[in-house]
Amino acid sequence: MNADMISAIILAGGKGKRFGSHVPKPFLSLNGKPVVQYSIDAIEPLVDEVVVVSSKPYRHYRHAAPGRTRQESVRSGLAACSSPDYVIVHDGVRPFVTPEIVRNVIGRLLGGAKSVDTAVPVVDGLLVDGAPVDKAGKMVSQTPEGFDYRLLAAAHQEALLAGNEYQDDVGLVYGQRGILPEVVEGVRLTPKLTFAKDLENAEGVLRFRSGCLTTKPCLRGKRFLVLGGSGGIGSACVRRLLAAGAAVDAPTHEGLDLSKRVEWRLDEYDGVVHSAGEYRDQDRIFAVNAMSVHGLLAAALKEGWKGTVVVLSSTAATYGRRGIALYSASKAALNSIVESMHDELAAKGIFLNAVAPAKVDTALQEAFDPRSRKEDMLAPDFVAKHVLRYLDTRVHGQIVYLRNGML
């Protein structure tokens, strides 16, 4: 057995009475995916096994039956583990957990910590029994929590024999063994789905939570197809690719009409940038901005091609802009294509992401609003820098919003 085996217990047995749903909260649909799956997707690649504590087995994961309390459910999950060295406990109704948080918890455990908590500082005013108190140094605990497996199992057994009940496992370990947790930083947004309103809030948050990659891409010697390479962002991508030592094909609009069916041949390329956009001709807007992307991806699947694809969306997709309703709608459709297809594509070795800038200093923005001030707009080269990062990655399904002053 691996000397550092790590198990993860995902608690998904809550009935959600406060939520008002006949479906348990962890299994409600959140942007088309069960709430609990977001946590599993973040945690599973970093551990050796996943145990889901739920009323019935979930997919192929190891199953444990829930108890009457959270404490009983964790104890059930511990019994279902394969005697690991370390264990992570996470609430399945906290879908905002990130791989980075999980890695930080694991890192503390491997560094010798016996108990690890995830928490964020209190930023709002704080009342205790109706009286204001100093919030300095006070934190709000979240999950995941991490532990030495044998320590946590023994502490649970001691609590059971003593009849002691705790709200969480770091509290249990502290109460039974006097061990304070080490703390890693959690997420600074609505972290847990408790009430029905939280679900719709979460759906919005998840669409905008992707942070930009910060890795430096290695593109030398690779070949890329840039569609829309004569435009502001597209030409900036071409310049950056050439400077990085890559080869580039950038067919002109005259040579490649994206409003019509294109017979794609992608086998000679390592990646594609689709930055072509139409805004004048109402009959071409959806064909160029969205359907051409769909055709490109369908061809990639059919050909068995493997590589990266970055499409240029827009913040106009989040809320339709006055005067460019069809353009905004076409970019919303483009985002939907990314969200709908990226999992299937990634399973085939195609990694699809979108970069969605706000106002960019291009001829397109000048046509939209001649009064736009340059200081309020992003530079095309700035956008291109982020595009190139997504040409060398296995990340997929991100829609990265770029706004002036935010990066």
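The values are calculated or read from the model by the stated rules, or taken from the named source; none is laboratory data. Predicted model, so just to flag it, every value in this text is computed and none were measured. Positions of Cβ are generated from backbone atoms using ideal geometry, with glycine treated the same way; all protein chains shown enter the neighbour counts.
Which one of 47, 87, 36 is buried (at least 17 other Cβ atoms within 10 Å of the Cβ), touching a strand residue (DSSP E or B) at 6+ places or on another chain (Cβ under 7 Å) and closer than 15 Å to residue 168 by Cβ?
87
Can you find even one residue in the range 239-247 that is of a type in the set (D, E, K, R), surrounded by 15 or more Cβ atoms within 10 Å (Cβ to Cβ) and modelled with pLDDT under 95?
no
Any idea which of 259, 328, 313, 275 is crowded, with 16+ Cβ neighbours inside 10 Å and over 29 Å from the mean Cα position of the chain (by Cα)?
Of 259, 328, 313, 275, the one residue that is crowded, with 16+ Cβ neighbours inside 10 Å and over 29 Å from the mean Cα position of the chain (by Cα) is 259.
I'd like to check something: does the range 358-378 contain any residue that is among the aromatic types (Phe, Trp, Tyr) and either under 18 Å from the mean Cα position of the chain (by Cα) or farther than 18 Å from residue 287 by Cα (or both)?
Looking through the range 358-378, at least one residue is among the aromatic types (Phe, Trp, Tyr) and either under 18 Å from the mean Cα position of the chain (by Cα) or farther than 18 Å from residue 287 by Cα (or both).
For the range 287-306, what are the residues that are without any contact (Cβ under 8 Å) to a residue 24 or more places away in the chain and among the charged types (D, E, K, R)?
302 - this is the single residue of the range 287-306 that is without any contact (Cβ under 8 Å) to a residue 24 or more places away in the chain and among the charged types (D, E, K, R).
Residues in the range 298-320 that are assigned to a helix (DSSP H, G or I), touching a strand residue (DSSP E or B) at 6+ places or on another chain (Cβ under 7 Å) and closer than 15 Å to residue 336 by Cβ: how many?
The qualifying residues number 1.
Would you be able to tell me the number of residues in the range 111-127 that are in contact with a helix residue (DSSP H, G or I) (Cβ under 7 Å, 6 or more places away or on another chain) and within 17 Å of residue 186 (Cα to Cα)?
Of the residues in the range 111-127, 4 are in contact with a helix residue (DSSP H, G or I) (Cβ under 7 Å, 6 or more places away or on another chain) and within 17 Å of residue 186 (Cα to Cα).
Any idea which of 15, 56 is at pLDDT below 85 and over 28 Å from residue 107 (Cβ atoms)?
Going through 15, 56 in turn, the sole match is 15.
Scan the range 197-234 residue by residue and report those that are surrounded by fewer than 20 Cβ atoms within 10 Å (Cβ to Cβ), at pLDDT 90 or above, charged (D, E, K, R) and not in a strand (DSSP E or B).
216, 220
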